[in-house]
Number of protein chains: 2
Amino acid sequence: MMLEILNNITKPTLLLDKNKYLLNIKKMAYKAKESGIGFRPHFKTHQSIEIGNWYRDFNVTKITVSSFDMAESFTKAGWNDILVAFPFNIREINRLNELSSKSKISILIDNIETLIALSFLNNTVNFYIDIDTGYGRTGIPAENIIAVENVIKHSQQIKKLDFSGFYCHAGHSYKTNSRDEINKIHNKATKDLSNLKTVFAKYLPRVLYGDTPNCSLQSTFSGIDEITPGNFVFYDLFQATNGSCTEDDIAIAMACPVVGKYKIRNEIVIHGGAVHFSKESVMINEKSIFGKTAQKNETGWKPDSNPLFLDSLSQEHGIVKIGSKDLGSINIGDIILFLPVHSCLTANLMKQYITLEGDQIKMI
Amino acid sequence: MMLEILNNITKPTLLLDKNKYLLNIKKMAYKAKESGIGFRPHFKTHQSIEIGNWYRDFNVTKITVSSFDMAESFTKAGWNDILVAFPFNIREINRLNELSSKSKISILIDNIETLIALSFLNNTVNFYIDIDTGYGRTGIPAENIIAVENVIKHSQQIKKLDFSGFYCHAGHSYKTNSRDEINKIHNKATKDLSNLKTVFAKYLPRVLYGDTPNCSLQSTFSGIDEITPGNFVFYDLFQATNGSCTEDDIAIAMACPVVGKYKIRNEIVIHGGAVHFSKESVMINEKSIFGKTAQKNETGWKPDSNPLFLDSLSQEHGIVKIGSKDLGSINIGDIILFLPVHSCLTANLMKQYITLEGDQIKMI
């Protein structure tokens, strides 16, 4: 089947290994279950109704998304407990009112200005306070108990807005390859969140947490009620580089045709550029790269024992240095598979998947 | 009108200033006309049927695209002389046969392997030999006369494949901010191409050339028959940084809502991330940035005299350091305009434009 799929490929194509994908979900669902915590996967990575539905076999009923566009699509697809894990954008109040009439919608809030704008809600909306345990992107710093208290108190004056608990994305776990550092980030986050849970115990707050590195690497989640990782479903070179997965776990690969061979520079050019991979890069062997080859086999692919790297990208072109490999072994028209650096961004650009069974899966 | 448009924006939105766009085309069309050369604009930047149609007022009848996907869309829209300026991908032979039955299609070739695969063409196809004058991405090095001759000779054995001339994208002009360097690149390219034109004069080759920096900055194009720039239609921060345009010429801007304010770090967070801007960055003031604010006014926007920069991006979030500006002057829910680093990639992600007259323009 794999051979047939590759034969039919004419242009850059995103392949999905459903077995790897299901195994990634199974492991994460099992970890949540064993830890006695809920599992609310983030759907921003795959953005597909069909792929989302496969989660149902693992008893997933609650999901996370990062925009109202996604929330609308997944509500239509029958998901009725959705966290929009993005600072609530007060310009989307009409969409919130519309959506919350159809589905249980939870939002993130970290400031009073946003609360004030929510004075006129049509339906009950749950909110989590976004907590910053060191990432420094959004959220109230975990130490700022007074600011947290202000938000909770103020929210109680707002009809139909229910305080549900705390949310934390410890995304600084993405900035280190050191397991010690990641552990420190996790320990601080769980300690901070447990502390908030104690301080505000009378409100019975739930704690939602979950970046892919920590959800993949940690085995204890004290104080956490639900995990919300997203990227783990596919993983990617970035996650393999920081140790959250092995290359074997990466469930998507880009299939790209060879369109040029340049002996003088020992390079090939593929059809596959910034509009396919995205311009996200990762450091491997002290070089910034945009993809790494995988080895095709009869059933799909496996990590390449002698890999090539996607060294640079323009809009449609990708340049691959051949290094010690013989240029003669690569032909114009060959299909080469590449593991992506950041699967969320690659999937977002490609808009559809082809499974190793040859099924086409559209994104929203 | 601008105020009304901004009031209605709920999420990241790509604004298009049609006057700037038309002025950019007008200047380039005028330059081509004055130089006595053809104008075959690249449509990969805007990827829109409607925007493409506006070129017709400038007597544009021939266009350039970078994929067969685009070639198909623009053929359907009535364009019937299309250069696919990408090394021909032999896996797309069926699409080539299909398209060439409807439109005059030209392709790029730089090797014999590709020629061999073109032995069975249904309809006449024109090809240009891709020439490398120093960029080092694709093409036969301009000095390699024997390789060029081989391709021409071999092509004559292939029925329905017509040699039309030489094509060169001197994209190394993007790698320097020095006007002297850009001039050197242009002088070498035009000299190399003129030389090929002389050597192969008996085939009456046409010479196609055109990266936005050189087409914007140069005033003489000796030996060139047609220019094929694309990005100039919108320009962007990259082009402003290398001097191809001023910030005033940039015809698109991203409008993004403010969703977070962080006094402790003097930062704001906008809805606007890697899935909107792309992860292309440019160095300004020795810092890598992803966007730069523009100042709103009643009719659109103008360059910001005291700009802020988009310092980092995740999938949906953008972080802006406020610097000396007062955080109190920015409110949650405000719309901030940003000039994009690379307009081709931003437009490709956004998929639609809103003009300053409030019209929605879809991409293909």
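Given (1) closer than 23 Å to A:Phe88 by Cα; (2) crowded, with 22+ Cβ neighbours inside 10 Å, where does B:Ala294 come up short, assuming only one miss?
Here B:Ala294 meets the rest and fails (1).
Identify all residues within segment B:63-75 that are in contact (Cβ under 8 Å) with a residue 24 or more places away in the chain and more than 7 Å from every other protein chain (Cβ to nearest Cβ); write none if there are none.
Looking only at segment B:63-75, we keep the residues that are in contact (Cβ under 8 Å) with a residue 24 or more places away in the chain, and these are B:64, B:66, B:68-75.
Matches in segment B:63-75: B:Thr64, B:Phe68, B:Asp69, B:Met70, B:Ala71, B:Glu72, B:Ser73, B:Phe74, B:Thr75.
Going by what's in this entry, would B:Ser288 be described as surrounded by fewer than 22 Cβ atoms within 10 Å (Cβ to Cβ), under 25 Å from B:Ser314 (Cα atoms), at pLDDT 95 or above and hydroxyl-bearing (Ser, Thr, Tyr)?
Working: surrounded by fewer than 22 Cβ atoms within 10 Å (Cβ to Cβ): yes; under 25 Å from B:Ser314 (Cα atoms): yes; at pLDDT 95 or above: yes; hydroxyl-bearing (Ser, Thr, Tyr): yes.
So B:Ser288 fits the description; yes.
Since A:Arg206 meets every condition but one in (1) more than 10 Å from every other protein chain (Cβ to nearest Cβ); (2) crowded, with 24+ Cβ neighbours inside 10 Å; (3) not hydrophobic (A, V, I, L, M, F, W, C), which condition does it not meet?
(2)
Need the failing condition index for A:Glu143 against (1) part of a loop (DSSP other than H, G, I, E, B); (2) more than 14 Å from A:Leu196 (Cβ to Cβ), just the number.
It fails just one condition, (2).
Residue check, A:Ile354 against (1) away from every other protein chain (no Cβ under 13 Å); (2) within 21 Å of A:Thr241 (Cβ to Cβ); (3) touching a Ser or Thr at 6+ places or on another chain (Cβ under 6 Å); (4) of a type outside the set (Asp, Glu), all met but one. Which one?
The one condition A:Ile354 does not meet is (2).
What do you reckon, is B:Asn306 outside any strand (DSSP E or B), more than 30 Å from B:Thr61 (Cβ to Cβ) and modelled with pLDDT under 95?
On the way: outside any strand (DSSP E or B): yes; more than 30 Å from B:Thr61 (Cβ to Cβ): yes; modelled with pLDDT under 95: yes.
Considered against the rule, which asks whether it is outside any strand (DSSP E or B), more than 30 Å from B:Thr61 (Cβ to Cβ) and modelled with pLDDT under 95, B:Asn306 comes out as yes.
What's the total number of residues in segment B:76-93 that are more than 8 Å from every other protein chain (Cβ to nearest Cβ) and either under 22 Å from B:His154 (Cβ atoms) or crowded, with 22+ Cβ neighbours inside 10 Å (or both)?
Taking segment B:76-93 as the starting set, the residues that turn out to be more than 8 Å from every other protein chain (Cβ to nearest Cβ) are B:76-85, B:93.
This time we only want the ones that are either under 22 Å from B:His154 (Cβ atoms) or crowded, with 22+ Cβ neighbours inside 10 Å (or both), so: B:79, B:82-85, B:93.
Number of matching residues: 6.
Evaluate segment B:177-187: report whether one residue or more is of a type in the set (Ser, Thr, Tyr) and within 14 Å of chain A (Cβ to nearest Cβ).
Going residue by residue through segment B:177-187, those that are of a type in the set (Ser, Thr, Tyr) are B:178.
Filter again for within 14 Å of chain A (Cβ to nearest Cβ), leaving none.
No; the residues of segment B:177-187 include none that is of a type in the set (Ser, Thr, Tyr) and within 14 Å of chain A (Cβ to nearest Cβ).
Looking at segment A:193-208, is at least one residue under 21 Å from the mean Cα position of the chain (by Cα) and not in a helix (DSSP H, G or I)? Quick ask: steps written out before the conclusion?
Step one: filter segment A:193-208 for residues under 21 Å from the mean Cα position of the chain (by Cα), giving A:207-208.
Now narrow it down to the ones that are not in a helix (DSSP H, G or I): A:207-208.
The answer is yes; a qualifying residue exists.
Which of the residues spanning segment B:1-51 are closer than 28 Å to B:Ser106 by Cα and of a type in the set (Asp, Glu)?
B:Glu34, B:Glu50
Search segment B:270-291 for residues being more than 11 Å from B:Pro12 (Cα to Cα), of a type in the set (A, V, I, L, M, F, W, C) and in contact with a Phe, Trp or Tyr (Cβ under 6 Å, 6 or more places away or on another chain), and hand back the single one that is farthest from the other protein chains (Cβ to nearest Cβ). Full working, then the answer.
The first filter runs over segment B:270-291 and keeps only residues more than 11 Å from B:Pro12 (Cα to Cα), leaving B:274, B:278-291.
Next cut, of a type in the set (A, V, I, L, M, F, W, C) only: B:274, B:282-284, B:289-290.
Right, trim to in contact with a Phe, Trp or Tyr (Cβ under 6 Å, 6 or more places away or on another chain) and you get B:282, B:289-290.
Details: B:Val282: 12, B:Ile289: 14, B:Phe290: 10 Å.
For segment B:270-291, the residue satisfying everything is B:Ile289.
Taking B:Cys245 and the conditions (1) over 14 Å from the mean Cα position of the chain (by Cα); (2) more than 30 Å from B:Phe127 (Cβ to Cβ), which numbered condition does it fall short on, given that it satisfies the others?
All conditions are met except number (1).
Any chance you could count how many residues in segment B:7-26 are buried (at least 18 other Cβ atoms within 10 Å of the Cβ), of a type in the set (A, V, I, L, M, F, W, C) and either within 14 Å of chain A (Cβ to nearest Cβ) or under 15 Å from the mean Cα position of the chain (by Cα) (or both)?
Result for segment B:7-26: 1.
Given the criteria surrounded by 20 or more Cβ atoms within 10 Å (Cβ to Cβ) and either in a loop (DSSP other than H, G, I, E, B) or under 18 Å from the mean Cα position of the chain (by Cα) (or both), does A:Ala29 qualify?
Working: surrounded by 20 or more Cβ atoms within 10 Å (Cβ to Cβ): no; either in a loop (DSSP other than H, G, I, E, B) or under 18 Å from the mean Cα position of the chain (by Cα) (or both): yes.
Taking the combined requirement at face value, the residue does not satisfy it.
Please determine whether any residue of segment B:167-187 is charged (D, E, K, R), in contact (Cβ under 8 Å) with a residue 60 or more places away in the chain, in a helix (DSSP H, G or I) and touching a Ser or Thr at 6+ places or on another chain (Cβ under 9 Å). Reasoning before the result, please.
Within segment B:167-187, the first condition is being charged (D, E, K, R), and the residues that meet it are B:175, B:179-181, B:184.
Adding the requirement that they be in contact (Cβ under 8 Å) with a residue 60 or more places away in the chain leaves B:179.
Still in the running and in a helix (DSSP H, G or I): B:179.
In the following step, the residues that additionally are touching a Ser or Thr at 6+ places or on another chain (Cβ under 9 Å) were identified as none.
Within segment B:167-187, none of the residues are charged (D, E, K, R), in contact (Cβ under 8 Å) with a residue 60 or more places away in the chain, in a helix (DSSP H, G or I) and touching a Ser or Thr at 6+ places or on another chain (Cβ under 9 Å).
Any idea which residue in segment B:117-171 is nearest to B:Ser66 (Cα to Cα), counting only those that are buried (at least 20 other Cβ atoms within 10 Å of the Cβ) and among the acidic types (Asp, Glu)?
B:Asp130
With respect to the numbered conditions (1) modelled with pLDDT of 95 or more; (2) closer than 30 Å to B:His271 by Cβ; (3) surrounded by 17 or more Cβ atoms within 10 Å (Cβ to Cβ), which one is the sole condition not fulfilled by B:Val65?
Of everything listed in (1) modelled with pLDDT of 95 or more; (2) closer than 30 Å to B:His271 by Cβ; (3) surrounded by 17 or more Cβ atoms within 10 Å (Cβ to Cβ), B:Val65 misses just condition (2).
Report, by residue number, each residue of segment A:242-278 that is part of a helix (DSSP H, G or I) and modelled with pLDDT of 95 or more. Even if it seems obvious, please write down each step before you answer.
Taking segment A:242-278 first, the residues part of a helix (DSSP H, G or I) are A:247-249, A:263-265, A:274-277.
If the condition is that a residue be part of a helix (DSSP H, G or I) and modelled with pLDDT of 95 or more, then A:Glu247, A:Asp248, A:Asp249, A:Ala274, A:Val275, A:His276, A:Phe277 are the ones that fit.
Specify which of the listed residues (B:Gly272, B:Gly323) is at positive phi and crowded, with 19+ Cβ neighbours inside 10 Å.
Working: B:Gly323 fails: crowded, with 19+ Cβ neighbours inside 10 Å.
That would be B:Gly272, the only listed residue that is at positive phi and crowded, with 19+ Cβ neighbours inside 10 Å.
Is there a residue in segment A:177-192 that is at pLDDT 95 or above, over 23 Å from the mean Cα position of the chain (by Cα), at negative phi and surrounded by fewer than 24 Cβ atoms within 10 Å (Cβ to Cβ)?
Yes: segment A:177-192 contains one or more residues that are at pLDDT 95 or above, over 23 Å from the mean Cα position of the chain (by Cα), at negative phi and surrounded by fewer than 24 Cβ atoms within 10 Å (Cβ to Cβ).
Give the number of residues within segment B:313-346 that are out of contact with any helix residue (DSSP H, G or I) (no Cβ under 8 Å at 6 or more places or on another chain), at the interface with chain A (Cβ under 10 Å from one of its Cβ atoms) and either assigned to a strand (DSSP E or B) or of a type outside the set (Asp, Glu) (or both).
Selection size over segment B:313-346: 2.
Out of the residues in segment B:297-312 that are within 22 Å of B:Ile264 (Cα to Cα) and more than 10 Å from chain A (Cβ to nearest Cβ), state the one that is surrounded by the fewest Cβ atoms within 10 Å (Cβ to Cβ).
Initially, segment B:297-312 is screened for residues within 22 Å of B:Ile264 (Cα to Cα), giving B:306-312.
Checking which are more than 10 Å from chain A (Cβ to nearest Cβ) leaves us with B:306-311.
Details: B:Asn306: 9, B:Pro307: 18, B:Leu308: 19, B:Phe309: 20, B:Leu310: 27, B:Asp311: 16.
It comes out as B:Asn306.
All but one of (1) over 15 Å from A:Gln157 (Cβ atoms); (2) within 12 Å of chain B (Cβ to nearest Cβ); (3) not acidic (Asp, Glu) hold for A:Ser103; which doesn't?
Unmet condition: (2).
With the requirement that a residue be farther than 15 Å from A:Tyr167 by Cβ and of a type in the set (Gly, Ala, Ser), what does segment A:64-105 give you?
First, the residues of segment A:64-105 that are farther than 15 Å from A:Tyr167 by Cβ: A:67-80, A:89-104.
Once the filter is applied, which keeps residues that are farther than 15 Å from A:Tyr167 by Cβ and of a type in the set (Gly, Ala, Ser), segment A:64-105 yields A:Ser67, A:Ala71, A:Ser73, A:Ala77, A:Gly78, A:Ser100, A:Ser101, A:Ser103.
Of all the residues that make up segment B:211-235, how many are closer than 21 Å to B:Thr138 by Cβ, touching a residue at least 60 places away in the same chain (Cβ under 8 Å) and out of contact with any Lys or Arg (no Cβ under 8 Å at 6 or more places or on another chain)?
Restricting attention to segment B:211-235, the residues satisfying the condition of being closer than 21 Å to B:Thr138 by Cβ are B:211-215, B:223-231.
Restricting the remaining residues to those that are touching a residue at least 60 places away in the same chain (Cβ under 8 Å) gives B:215, B:224-231.
Okay, now just the ones that are also out of contact with any Lys or Arg (no Cβ under 8 Å at 6 or more places or on another chain), so B:224, B:229, B:231.
Qualifying residue count for the region: 3.
I need every pair where a residue in segment A:34-52 that is surrounded by 24 or more Cβ atoms within 10 Å (Cβ to Cβ) and at pLDDT 95 or above has its Cβ under 8 Å from the Cβ of a residue that is part of a loop (DSSP other than H, G, I, E, B) and among the aromatic types (Phe, Trp, Tyr), sequence separation at least 6 or different chains.
A:Thr45/A:Phe234; A:His46/A:Phe234
Given the options B:Ile109, B:Ile146, name the one that is touching a strand residue (DSSP E or B) at 6+ places or on another chain (Cβ under 8 Å) and within 14 Å of another protein chain (Cβ to nearest Cβ). Talk me through it step by step, then tell me what you get.
Numbers: B:Ile146 fails: touching a strand residue (DSSP E or B) at 6+ places or on another chain (Cβ under 8 Å).
Unique residue meeting the criteria: B:Ile109.
The values are calculated or read from the model by the stated rules, or taken from the named source; none is laboratory data. This is a predicted model, so every value here is computed, not measured. Because the Cβ atoms are built from the backbone with ideal geometry, glycine has one as well, and the counts that use them run over all protein chains shown.
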